[in-house]
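Report on one structure; see the data block that follows.
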Amino acid sequence: MTERKPPGVSFESFVDKQIREATERGDFANLPGFGKPLADDTAPYDELWWVKGKLHREGVSVLPPALVLRKEAEDAAEAVAQARTEARVRDILAEINEKIAAALRRPPPGPPLNLKPFDVDAMVAEWRASRA
């Protein structure tokens, strides 16, 4: 807790003295954010900046489940293209097909899903052709 400014001492010198003493004690050493860049001060002001930051740090998605699944399907298709073995391709497709099948049985809230399970054999054939 800070002490009160004594009468007769200018405010500036009182504050400067407190800062100097805190620096000497090491109160400013290893503060969170030390060495990290400051936020962009040219960006327009956003009243919900702290809410968005909290959601980002917590990994909360603001997308509806249907859109999240569509994104996962796109990511799976890209992962298939980068896969090194046929077994890995089949694993990726089996995992996403399981999620798609579950969503088709019980549609998630939000926009229409517009997805169907991947044809594993066709995708494996495409993967093989891209390797040749």
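Checked across the stretch 69-77, the condition of being modelled with pLDDT of 90 or more, over 30 Å from residue 132 (Cα atoms) and surrounded by 11 or more Cβ atoms within 10 Å (Cβ to Cβ) holds for at least one residue.
Do the conditions hold for residue 28, that is, is it over 30 Å from residue 109 (Cα atoms), open to solvent by less than 70 Å² (accessible area, probe 1.4 Å) and not small (Gly, Ala, Ser)? Judged against the criteria, residue 28 is not a match. Kindly indicate whether any position in the stretch 2-13 is surrounded by 10 or more Cβ atoms within 10 Å (Cβ to Cβ), touching a residue at least 12 places away in the same chain (Cβ under 8 Å) and at negative phi. No: the stretch 2-13 contains no residue that is surrounded by 10 or more Cβ atoms within 10 Å (Cβ to Cβ), touching a residue at least 12 places away in the same chain (Cβ under 8 Å) and at negative phi. What about residue 115, is it open to solvent by less than 50 Å² (accessible area, probe 1.4 Å) and not β-branched (Val, Ile, Thr)? In short, yes.
Once the stretch 49-67 is narrowed to residues that are open to solvent by 90 Å² or more (accessible area, probe 1.4 Å) and closer than 19 Å to residue 111 by Cα, the residue that is modelled with the lowest pLDDT is 62.
The values are calculated or read from the model by the stated rules, or taken from the named source; none is laboratory data. Quick caveat: nothing in here was measured; it's all calculated off a predicted structure. Cβ coordinates were reconstructed from backbone atoms using ideal geometry, including for glycine residues, and neighbour counts include every protein chain displayed. Each accessible area value is taken on the protein alone, full model and side chains, heavy atoms only, with ligands, DNA and RNA left out. Shrake-Rupley method; radii C 1.70, N 1.55, O 1.52, S 1.80 Å.
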